[in-house]
1. For residue 211, which aspartates and glutamates qualify as cross-link partners when the Cα separation must be under 17 Å and same-chain residues fewer than eight apart are set aside?
2. Please work out, to two decimal places, the log10 of the ratio I(q)/I(0) at q = 0.07, 0.09 Å⁻¹ from a Debye calculation in which every Cα of the chain carries one identical scatterer.
3. Name the most mobile residue of 102, 256, 347, meaning the one with the largest mean-square fluctuation, in a Gaussian network model of the chain with Cα contacts below 10 Å.
4. Extending each Cα 7 Å along its Cβ direction at residue 284 and residue 226, get the distance between those two points in nm, one decimal.
5. Quick one: net charge around residue 232, please, counting Lys, Arg +1 and Asp, Glu -1 for every other residue with C-beta under 11 Å from its C-beta.
6. Where in the chain are the DSSP H helices whose alpha-carbon span along the long axis reaches 27 Å or more and whose Kyte-Doolittle mean is at least 0.0?
7. Roughly how many debye, to the nearest 20, is the charge dipole of the chain about its Cα centre, given +1 on each Lys and Arg Cβ, -1 on each Asp and Glu Cβ, and no other charges?
8. Give me the distance between the Cα centres of segment 229-257 and segment 17-63, rounded to whole Å.
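The values are calculated or read from the model by the stated rules, or taken from the named source; none is laboratory data. Bear in mind the structure is a predicted one, so any value in this text is a computation, not a measurement. Cβ atoms come from the backbone with ideal geometry, glycine included; neighbour counts cover every protein chain shown. For accessibility, only protein heavy atoms count, side chains too; no ligands or nucleic acids. Shrake-Rupley method; radii C 1.70, N 1.55, O 1.52, S 1.80 Å.
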Amino acid sequence: MGKVILTGDRPTGRLHLGHYVGSLKRRVELQNSGEYEKIFIMIADAQALTDNADNPEKIRQNIIEVALDYLSAGLDPEKVTIFIQSQVPELCELAFYYMNLVTVQRLQRNPTVKQEIQLRGFSDSEEDESQNKKGTPVGFFTYPISQASDITAFRATTVPVGVDQAPMIEQTREIVHKFNTVYGETLVTPEMKLPDNAACLRLPGTDGKAKMSKSLGNCIYLSDSAEDVRKKIMSMYTDPNHIRVEDPGQIEGNTVFTYLDAFCQPDSFEKHWPEYPNLDALKEHYQRGGLGDVKVKKFLNAILQEALEPIRQRRKEFEKDIPGVYEILRKGSLCAREVAAATLADVRRAMKIDYFDDAELIAEHTRKFAEGKE
Ligand code: TRP
């Protein structure tokens with residue numbers, strides 16, 4: 001059996017550079033590597049609704065944004081199946097059965113869910129709730145189980161995601177193990193695939209905060225104009241103690257350099273700044289002193305514009321044919337549904353809840369009820 005990828009994103013906003021280096025760019029490479037038999041990319045609208053129940057319009061508007069970001073980043077619907085989670089109802093049924101294999105206590109220990117509950121200000125105790133804090137929606141609390149359905153429905157061997165998703169993959173593996181132990185070998189155990197470049201693991205925001213996030217307003221979006229990108233780079237957080245050009249500068253925690261780590265290509269210096277042979281030489285000069293932030297930012301701008309321009313161009317083309325983009329999603333969802341339905345049939349058979357397809361069950365019961373009457 002060949003290798004299969006499943007991964008996806010919640011459609012809560014346009015995709016930014018953090019998504020790009022953390023996953024999108026990698027997906028395009030994997031798509032073109034020819035190493036994978038099937039690649040499924042899911043727009044996780046149902047998961048997004050678990051903490052946006054009162055804002056379905058936001059999700060509805062962002063599905064097309066995310067689809068455009070995917071296509072313009074270079075995902076090719078001829079090579080990958082792009083689909084919308086809610087259009088594959090088989091996923092819900094799988095999740096319903098998996099729920100019996102996971103304890104409340106195990107879910108409470110999931111570090112990502114824990115952190116997200118905190119971040120959203122949901123209460124995690126009955127006392128909190130009576131003090132008017134919003135309770136945690138059950139759907140949100142259980143989304144790791146739904147994510148296990150997403151992954152297993154497509155028999156994914158490989159899930160390329162960022163580090164924050166590690167606990168989800170771990171929990172999926174546990175569910176698979178439990179299912180296969182209880183009901184017999186049925187589900188495929190997935191492996192997680194992290195980005196190999198440390199700077200790409202978690203790209204900081206332009207303000208130097210740990211993560212790019214829409215709510216912090218520190219994102220560079222794939223769909224930002226060239227001018228917006230330039231402005232954001234020019235106001236980026238660097239080393240607050242690097243005041244005069246002559247001062248020695250610090251690289252650690254300096255966002256401009258983190259971005260260079262993430263985006264520098266082997267030929268970037270030759271193309272845009274031939275005075276330096278490579279990034280190490282540039283860093284060395286910056287640390288020694290005598291190199292101003294503006295110059296480094298201009299270099300970063302050149303590199304980023306080079307990466308983003310083809311993406312912007314492709315987006316323009318796809319924006320001219322929105323019905324065509326919806327058609328890609330519709331076809332992808334149909335195809336995804338077929339695969340998920342086949343897995344669901346296996347699951348039902350393994351759990352012995354395929355009553356009407358089970359001739360042996362009917363024969364057995366025929367015998368059972370005939371016995372007493374002889
Ligand atoms: N949780 C992921 C995110 O927040 C989205 C997602 C849903 C996902 N189901 C998945 C990712 C399955 C990988 C595999 O971005």
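1. Reachable aspartates and glutamates: 9, 116, 164, 252, 261.
2. Log-scaled intensity ratios, in q order: -0.39, -0.61.
3. 102
4. 3.4
5. Details: positive: 230, 231, 297; negative: 207, 224, 227, 228.
Combined, the nearby Lys, Arg, Asp and Glu give -1.
6. Working: long enough: 293-319 (36 Å, -0.77); 322-350 (42 Å, 0.30).
Passing helices, by number: 322-350.
7. Working: 48 positive and 57 negative charges, 88 e Å.
Dipole magnitude for the chain comes out near 420 debye.
8. Result: 32 Å between the Cα centres.
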